[in-house]
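The structure appears right after this line, and notes come after that.
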Amino acid sequence: MTSSKTIVLRSSDGATFEVDEAVALHSLMIKHRIETGGADSTTIDVPEVTGNTLSKVIEYCKKHVEAPNSDDLKSFDTDFVKVDQAVLCHLAKASYYMNIKGLLDLSSKTIADMFKGKTVEQIRETFHIKNDFTPEEEEELRKENSWNLFV
Amino acid sequence: MATRSLNMLPEDCISAIVSLTSPPDTCRLMLASSSLRSAAESDLVWSRFLPSDLPQLLSRAHTQLGFRSKKELFFQLCDSILIDGGVSCFTLNKVSGKKSFLLSARALSISLSNEPNHWTWTTHSTSRFSEVIELKTISNLEIKGRIGTQDLSPNTTYGAYLIIKVSDHAFGLDSIPSETSISKDECAVTNTTYLCPMDEQKQQLGSLFFMNRRQMMEKRVVEGDGRRPSKRGDGWLEVELGEFFVGGKGEMVKMNLMEVKGHQLKGGLIIEGIEVRPKC
């Protein structure tokens, strides 16, 4: 006898997704919300996550809940994070708030790998970061870091 | 329009990501923007780069360390600290975060080191330590050091180096090569070394007049490379004793330099200690 209970997840922009309870419980945040009850515990709001990201997060949870021991799980994960840095950051944020450790570790490691071995300019370019230091502040920081060969 | 996507992440989330990189990468991230700087300077990040046995290490420090952040502590440790009552020195590598130790002459076991006829305890202006030991005259040279692998960084190959100077009035140090050995788990790896740097002129003269004698002496010791000391950046010389790998479990590693087969008097060797540091 399998439980076919479903949960509806609602994103910040009002998109709704119906998922099996087992898949939804992969998020410890949702698990906690369900366990602590509430009048309407079959629809759960996830205001920190947009519809596009939530859809991807659900895809991740489905794969990991329904086929946790499959041989292609590693390659699924590798392909899953072959996305641009903006999507990656959205996934990291979503997995942080929804408390999905596997996805948080995966997206964190991918972002960390994108930082490694890059110069400051390359980091700013990859992540569209604005340099908000004054020239004096920047000079001071560079002096402190002169041991770091390719600052 | 470019979105500042990293900034949507909570700061402790960014710190957790940065902690997966390395100290140099983290310092570069600090230059990217003020919000990245704040995340990268967090104790959350620098705790990951500090050794896992930090409390034990700090309890061995010779003087109490003052630090306002884990980052500050990291760089203080990179600058070397004296430990174990000042007889050893600990350093963290800035780039890799791996540990190195320098055991002073006092931390080693040197045969007859307390006999003033043979050895003199003295000071040297360029030594890290308050004392170095100088050889007056001895027939048998036995220098032994030990270190537990639990004190070192795991999954790393370490080299052990005897740090020396050769005084102007040195004699007999290279009449026969010295034997070096590294042993772990009852398994020893041996080699041979000379204590004086290579001197071209002397080498040629030596070959001319003493070739037979040299060959005879070399036969007395174990097979080896007959290494020579190399110059260090701090003005001292170093003689490699060997290398070993630090795996999972804690083991005692013995690092020795012995010359007991020549029965020739020697003197003028100054020892600072044995350095144990990761090989690249």
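The values are calculated or read from the model by the stated rules, or taken from the named source; none is laboratory data. Predicted, not measured: the structure shown is a model, and the values here were computed from it. Don't worry about glycine lacking a Cβ; one is built from the backbone with ideal geometry, like all the others, and counts go over all protein chains shown.
Descriptive notes on the structure:
- Being farther than 30 Å from B:F101 by Cα, part of a helix (DSSP H, G or I), of a type outside the set (V, I, T) and within 13 Å of chain A (Cβ to nearest Cβ) is true of B:R37.
- Residue within segment A:70-80 that is modelled with pLDDT of 95 or more, under 22 Å from A:A22 (Cα atoms) and either surrounded by fewer than 17 Cβ atoms within 10 Å (Cβ to Cβ) or within 14 Å of chain B (Cβ to nearest Cβ) (or both) present: no
- Any hit, segment A:23-39, residues being of a type in the set (G, A, S), in contact (Cβ under 8 Å) with a residue 40 or more places away in the chain, farther than 17 Å from A:Y97 by Cβ and surrounded by 16 or more Cβ atoms within 10 Å (Cβ to Cβ): no
- The residues of segment B:27-45 include none that are crowded, with 24+ Cβ neighbours inside 10 Å and among the polar types (S, T, N, Q).
- On the stretch given as segment A:80-89, residues that are more than 14 Å from A:K109 (Cα to Cα) and in a helix (DSSP H, G or I) total 2.
- Residue within segment A:86-101 that is within 7 Å of chain B (Cβ to nearest Cβ) and of a type in the set (S, T, N, Q) present: no
- Segment A:81-120, residues that are over 22 Å from B:P24 (Cα atoms), of a type in the set (K, R) and buried (at least 16 other Cβ atoms within 10 Å of the Cβ): A:K93
- Within the option set A:K143, A:K109, A:K130, being farther than 18 Å from A:A86 by Cβ and basic (K, R) holds for one residue only, A:K143.
- Among the candidates B:G226, B:G235, B:G242, the residue that is at pLDDT below 90 and surrounded by 11 or more Cβ atoms within 10 Å (Cβ to Cβ) is uniquely B:G226.
- Top-ranked residue of segment A:107-117 - restricted to ones that are facing chain B (nearest Cβ under 7 Å) and of a type in the set (D, E, K, R), ranked as nearest to B:R37 (Cα to Cα): A:K116
- Check on A:E48, surrounded by 15 or more Cβ atoms within 10 Å (Cβ to Cβ), among the acidic types (D, E) and under 22 Å from A:S11 (Cα atoms): yes
- Filter pass, B:L50 being more than 14 Å from chain A (Cβ to nearest Cβ), over 18 Å from the mean Cα position of the chain (by Cα) and in contact (Cβ under 8 Å) with a residue 40 or more places away in the chain: yes
- Pairing residues of segment A:125-151 that are within 24 Å of B:S5 (Cβ to Cβ) and more than 8 Å from chain B (Cβ to nearest Cβ) with residues that are of a type in the set (D, E, K, R) and in a loop (DSSP other than H, G, I, E, B), at Cβ distances under 8 Å and at least 6 apart in sequence or on separate chains, gives A:T126/A:K118.
- Unique residue being closer than 23 Å to B:L152 by Cα, away from chain A (no Cβ under 14 Å) and modelled with pLDDT under 95 when the list is B:G85, B:G66: B:G85
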